[in-house]
């Protein structure tokens with residue numbers, strides 16, 4: 001379906017007759033900021049103290065003193081991204097359906113925030129516990145079927161011996177292994193968070209320095225939190 005074409009409208013400014021205001025439904029401003037503040041973000045396993053936001057606002061084109069001035073009006077949408085999501089967004093276009101982001105504002109309405117993320121170690125522990133219970137239930141069922149065969153006790157014991165040994169090993173050792181795994185993962189995740197944050201901070205700083213060196217800064221990155 002072809003897109004409707006509409007001419008912009010230009011009128012004198014009500015405050016300054018030498019100034020004109022040009023409007024069009026397609027006029028908008030987009031901005032990116034680096035934000036400092038604690039928040040939970042979609043598709044992230046931990047709480048973030050630094051993240052990126054992308055904001056789109058409706059815009060008007062004002063012309064005065066032989067110059068064009070772009071003014072932002074109503075905020076249309078604001079999304080937040082982890083520093084890793086931001087790096088993927090700017091460096092890997094046309095990848096799948098897009099990069100996960102967290103909707104914060106839409107048409108002037110504040111979107112409810114996300115709760116603290118579920119710890120992955122807790123999720124894995126619950127999954128291991130369920131798998132263990134399912135495995136033990138399967139072994140118990142096999143033992144019941146052996147007992148129902150009508151074989152002699154010695155034959156039943158020979159058949160059931162391997163199942164009983166497996167059951168004892170699973171019930172006795174797997175919980176301890178899972179606990180050790182959880183402890184290892186906690187330490188790994190904490191180290192990973194520090195490494196990712198340090199790496200992304202370095203990338204963002206180098207991006208800004210490279211742009212300044214080339215005499216063009218296409219993106220302004222700030223450390224200011226949103227002031228509402």
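List every residue pair whose Cβ atoms sit under 9 Å apart, with the two residues 6 or more apart in sequence or on different chains, where the first one lies in the stretch 143-167 and is surrounded by 11 or more Cβ atoms within 10 Å (Cβ to Cβ) and the second, anywhere, is in a loop (DSSP other than H, G, I, E, B).
155/149; 156/149; 159/149; 159/151
In the stretch 123-133, is there at least one residue being touching a helix residue (DSSP H, G or I) at 6+ places or on another chain (Cβ under 7 Å) and either without any contact (Cβ under 8 Å) to a residue 12 or more places away in the chain or in the same structural domain as residue 47 (by TED's automatic domain parsing) (or both)?
No, the stretch 123-133 contains no residue that is touching a helix residue (DSSP H, G or I) at 6+ places or on another chain (Cβ under 7 Å) and either without any contact (Cβ under 8 Å) to a residue 12 or more places away in the chain or in the same structural domain as residue 47 (by TED's automatic domain parsing) (or both).
Among the residues of the stretch 60-69, write down those that are assigned to a strand (DSSP E or B) and either loosely packed, with under 12 Cβ neighbours inside 10 Å or on the phi > 0 side of the Ramachandran plot (or both).
Once the filter is applied, which keeps residues that are assigned to a strand (DSSP E or B) and either loosely packed, with under 12 Cβ neighbours inside 10 Å or on the phi > 0 side of the Ramachandran plot (or both), the stretch 60-69 yields 67, 68.
The values are calculated or read from the model by the stated rules, or taken from the named source; none is laboratory data. Computed from a predicted model, the values in this text were never measured in an experiment. Because the Cβ atoms are built from the backbone with ideal geometry, glycine has one as well, and the counts that use them run over all protein chains shown.
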